[in-house]
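Everything on this sheet refers to the single structure shown next.
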């Protein structure tokens with residue numbers, strides 16, 4: 001299991017879970033995909049999980065099937081299964097409280113990330129913590145030079161999350177675009 005014991009020790013980019021101080025960021029189990037797309041609930045979900053974004057992702061995962069659910073790309077390389085969607089689990093309760101994931105493996109040195117935390121757990125820093133864990137995983141892959149993200153102009157909370165994680169805004173026309181460049185090694 002790739003553990004994130006400290007900010008200086010990035011987890012391996014694998015399908016294993018990433019553990020941070022208060023969260024477990026794990027691959028979406030296939031039974032969760034089936035439950036979400038089938039309108040059923042699982043016992044380990046927060047009362048307001050899944051949100052609309054999680055339903056969209058589950059539908060996409062179901063379309064590609066369990067073997068390809070994490071990466072649906074002809075350019076996939078060994079280890080690329082890490083670049084899929086994950087669930088955010090609150091360690092204290094064991095409940096799934098959101099989702100986070102990359103939109104596929106690196107292309108031209110760049111990966112895009114998206115995330116969401118259910119309303120009952122917002123305002124606790126979970127999105128920032130999960131985002132930082134996933135960034136550490138991205139930096140563990142030498143192909144990644146930049147992590148990018150987008151947010152609606154009215155989503156001030158998400159803009160704050162990106163800022164806390166070190167992203168800078170690069171475009172403000174339509175969707176706000178953000179990027180974070182790999183730190184220089186020195």
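State whether the residues of the stretch 94-101 include one that is under 14 Å from the mean Cα position of the chain (by Cα), assigned to a helix (DSSP H, G or I) and under 25 Å from residue 36 (Cα atoms). Scanning the stretch 94-101, I find no residue that is under 14 Å from the mean Cα position of the chain (by Cα), assigned to a helix (DSSP H, G or I) and under 25 Å from residue 36 (Cα atoms), so the answer is no. Here residue 171 meets the list (1) in contact (Cβ under 8 Å) with a residue 24 or more places away in the chain; (2) more than 22 Å from residue 56 (Cα to Cα); (3) touching a strand residue (DSSP E or B) at 6+ places or on another chain (Cβ under 7 Å) almost entirely, failing just condition (1). Taking (1) in contact with a helix residue (DSSP H, G or I) (Cβ under 8 Å, 6 or more places away or on another chain); (2) surrounded by fewer than 21 Cβ atoms within 10 Å (Cβ to Cβ) in turn, residue 119 satisfies each apart from (1). What residue, among those in the stretch 148-184 that are under 15 Å from the mean Cα position of the chain (by Cα) and part of a helix (DSSP H, G or I), is nearest to residue 135 (Cα to Cα)? Across the stretch 148-184, the extreme among qualifying residues is 162. Among the residues of the stretch 142-158, just one is over 13 Å from residue 114 (Cβ atoms) and buried (at least 18 other Cβ atoms within 10 Å of the Cβ), namely 144. Please verify whether residue 127 is more than 22 Å from residue 64 (Cβ to Cβ), modelled with pLDDT of 95 or more and touching a strand residue (DSSP E or B) at 6+ places or on another chain (Cβ under 7 Å), treating the condition exactly as stated. Against the criterion (more than 22 Å from residue 64 (Cβ to Cβ), modelled with pLDDT of 95 or more and touching a strand residue (DSSP E or B) at 6+ places or on another chain (Cβ under 7 Å)), residue 127 qualifies. Among the residues of the stretch 78-106, the one identified as at pLDDT below 95 and loosely packed, with under 13 Cβ neighbours inside 10 Å is 78.
The values are calculated or read from the model by the stated rules, or taken from the named source; none is laboratory data. All values derive from a computational prediction rather than experimental measurement. Here Cβ is always computed from backbone atoms with ideal geometry, including for glycine, and neighbour counts include all displayed protein chains.
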